[in-house]
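Down below is the structure, laid out as structure tokens.
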Amino acid sequence: MVQTPYAPVTANVHAALQRIGGRDALVRAWLHVDDAGALAAAKALDQSEPGPLHGVCVGVKDVIAVAGMPLTHNSPLFSGHVPSEDAPCVATLRAAGAVIIGKTDTTEFAAAGRNAASANPHDTARTPGGSSAGSAAAVADGHVPLALATQTGGSTIRPASFCGIHGFKPSWGLVSREGVKTYANSLDTVGWYARDLDMIDRVCDVYGLASAERFDSSRLRIGVFRTPWWDEMAPDGQAAFDSVSAAMARAGIETVEIAGLPEFAHLNDDHRAILFREGAAAFLALARARPDLLHADFHLRVDALATYSDARLREAHDRAAAARVGFERAIAGLDALLAPSAPGIAPLGRSPGEPRFNQPWTLLHAPVINLPLARGDAGMPIGVSLVAPRYDDRRLIAVAREVELRLAAASI
């Protein structure tokens with residue numbers, strides 16, 4: 001055992017800072033690292049009663065306010081902006097004993113415009129995905145065991161797939177978004193990355209998500225849904241997904257093929273209508289007050305006020321509401337639904353990646369967890385999503401844990 005002169009939490013922080021110092025010039029996960037603040041917090045925690053996240057080092061996506069740290073949204077419009085208070089999702093982690101290490105890189109405003117500079121730790125020529133690029137890269141590269149993300153389309157789940165880590169998007173509305181940059185009110189969700197499901201669930205508990213209802217873990221039934229966009233997946237993405245489904249069946253999990261879901265095929269179009277109309281509201285003030293520094297992508301969103309009519313917005317919301325009920329009725333009797341997290345491995349470059357395999361679940365307000373269970377070309381990670389009805393968040397995590405245990409026990 002390696003001996004350390006530091007108390008436990010301080011040792012955790014030193015280890016995180018050392019890893020960041022040794023790797024981040026390559027991975028570029030961080031926009032700001034608060035060495036002094038993290039060490040001061042660690043010293044205080046080493047002299048206090050432990051909480052449920054005692055000494056856990058955390059990265060925070062730079063669209064979420066952290067007191068005393070820059071909040072840039074990766075935009076020149078917010079250079080030098082430093083909030084005085086934590087967003088509640090950050091304050092809650094601090095109260096549980098977590099140490100905030102710093103701010104992670106993001107696609108501009110977690111939306112469009114400038115890409116994050118972060119690299120995929122498995123192949124630095126490839127993207128870690130977006131918009132939560134830095135948070136995913138920081139966890140995947142072992143900088144921190146936990147990082148906050150957000151999802152409006154696929155910005156938590158897709159980077160988890162590309163980086164080979166666990167990523168969780170809870171049901172919409174269960175975690176406070178106060179202090180988080182708004183993109184689309186009906187869609188924005190705070191999520192998180194971790195190295196294992198136990199940490200994912202510990203954070204659920206800290207955020208007050210209801211405990212899982214008991215279920216018969218000896219008789220798992222998982223629906224297998226390839227989505228209407230299966231033909232748009234890369235061959236290695238299709239092979240990876242099918243290999244996971246087959247492995248579940250070999251491990252004694254009953255798999256049920258789901259050919260289609262009610263109102264599902266148009267959900268990406270409806271998501272886009274809502275995203276652009278609500279995005280127009282979110283960026284209107286910046287477009288009017290500071291148009292010269294606002295990226296053209298956001299002017300396009302403001303122009304959506306003319307592109308998507310009120311009638312189209314109403315139709316999108318109404319169809320989404322019907323689809324939520326239809327989805328939950330369609331999967332009644334199943335423990336979860338298996339679906340692709342991404343079309344294949346992380347692409348070359350720094351683009352966020354294709355969101356169509358994630359957006360429908362975001363619009364349905366469903367909890368989703370990425371499981372890092374497969375590999376594609378060049379050994380790059382490809383994840384799969386498990387999806388459940390709204391507010392079955394911790395039951396979904398319990399099901400995911402049972403799936404992983406079954407696969408491990410069967411040496412699959």
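We did not get these values from a lab; they are worked out from the coordinates using the rules stated. Remember, predicted model here, so these are calculated numbers, not experimental data. Here the Cβ positions follow ideal geometry from the backbone for every residue, glycine too, while neighbour counts run over all protein chains shown.
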GNM of the chain, Cα pairs under 10 angstrom: of R319, R394, R158, the biggest fluctuation goes to R319
Computed about the Cα centre, the charge dipole of the stretch 8-206 from +1 Lys/Arg and -1 Asp/Glu charges at the Cβ has a magnitude in debye, to the nearest 20, of 400
Once phi for every residue in the stretch 354-363 is put through the Karplus expression 6.51 cos²θ - 1.76 cosθ + 1.60 (θ = phi - 60°), the whole-Hz ³J(HN,Hα) values, with Gly and Pro written as x, are 7, x, 5, 7, 10, 4, x, 5, 5, 5
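Go ahead and run the numbers for FRET between L300 and A265, Cβ-Cβ distance against an R0 of 35 Å, rounding to 0.05.
Numbers: r = 25 Å, r/R0 = 0.72.
The calculated FRET efficiency here is 0.90.
Counting Lys and Arg as +1 and Asp and Glu as -1, what is the net charge of the other residues whose Cβ lies under 15 Å from the Cβ of T72? Write out the running numbers ahead of the final one.
Values: positive: R28, K61, K103, R114, K181, R290; negative: D34, D62, D105, E108.
That works out to +2.
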Note on the stretch 8-206, DSSP bridge orientation, antiparallel percent to nearest 5 equals 65
Where a ≥ b ≥ c are root eigenvalues of the Cα gyration tensor, a/c under 1.5 meaning rounded, otherwise prolate if a/b exceeds b/c and oblate otherwise, the stretch 8-206 counts as rounded
In whole angstrom, the spacing between the Cα centers of the stretch 83-118 and the stretch 241-278 equals 29
In nanometres, the difference between 0.36 nm per residue of separation and the alpha-carbon distance of A95 and S48 is 15.7 nm
Whole-Hz Karplus couplings 3J(HN,Hα) for the stretch 42-53, θ = phi - 60° and coefficients 6.51, -1.76, 1.60, Gly and Pro as x, run 5, 4, 5, 5, 5, 10, 10, 5, x, x, x, 10
Two pseudo-spin positions, 7 Å from Cα along C-beta at V256 and at D196, lie apart in nanometres by 3.2
Quick calc: nm separation of the 7 Å Cα→Cβ label points for H81 and E178 -> 1.9
Per the 1/(1 + (r/R0)^6) rule, R0 = 56 Å and r from the Cβ atoms of D242 and S309, FRET efficiency to 0.05 is 0.85
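With n ≥ 4 as the cut-off for DSSP H runs, can you work out [θ] at 222 nm for the chain, using -39500 (n - 2.57) per run divided by the number of residues, rounded to the nearest 500?
Numbers: 12 runs with 158 residues, N = 412.
One gets -12000 deg cm²/dmol as the mean residue ellipticity at 222 nm.
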Of all DSSP beta bridges having both residues in the chain, the percent classed as antiparallel (nearest 5) is 65
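Under a Cβ-only charge scheme (Lys and Arg +1, Asp and Glu -1), can you give me the dipole magnitude of the chain about the Cα centre, in debye to the nearest 20?
So the dipole magnitude of the chain works out to roughly 120 debye.
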For the chain the translational diffusion coefficient, Stokes-Einstein from a Kirkwood Rh over Cα pairs at 25 °C and viscosity 0.890 mPa s, in µm²/s, is roughly 115
Length gained if L26 through D205 is fully extended, taking 0.36 nm per residue and subtracting the Cα-Cα distance, is 61.0 nm
Note to self: C-alpha centroids of the stretch 322-357 and the stretch 205-229 sit apart, in Å, by 14
Under the 7 Å Cα-to-Cβ spin-label approximation, A322 and A281 lie apart by a distance in nanometres of 2.3
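In nm, what is the difference between 0.36 nm times the number of residues separating E232 and A249 and their Cα-Cα distance?
Details: separation 17, 0.36 × 17 = 6.12 nm, distance 2.49 nm.
Result for the pair: 3.6 nm of gain on full extension.
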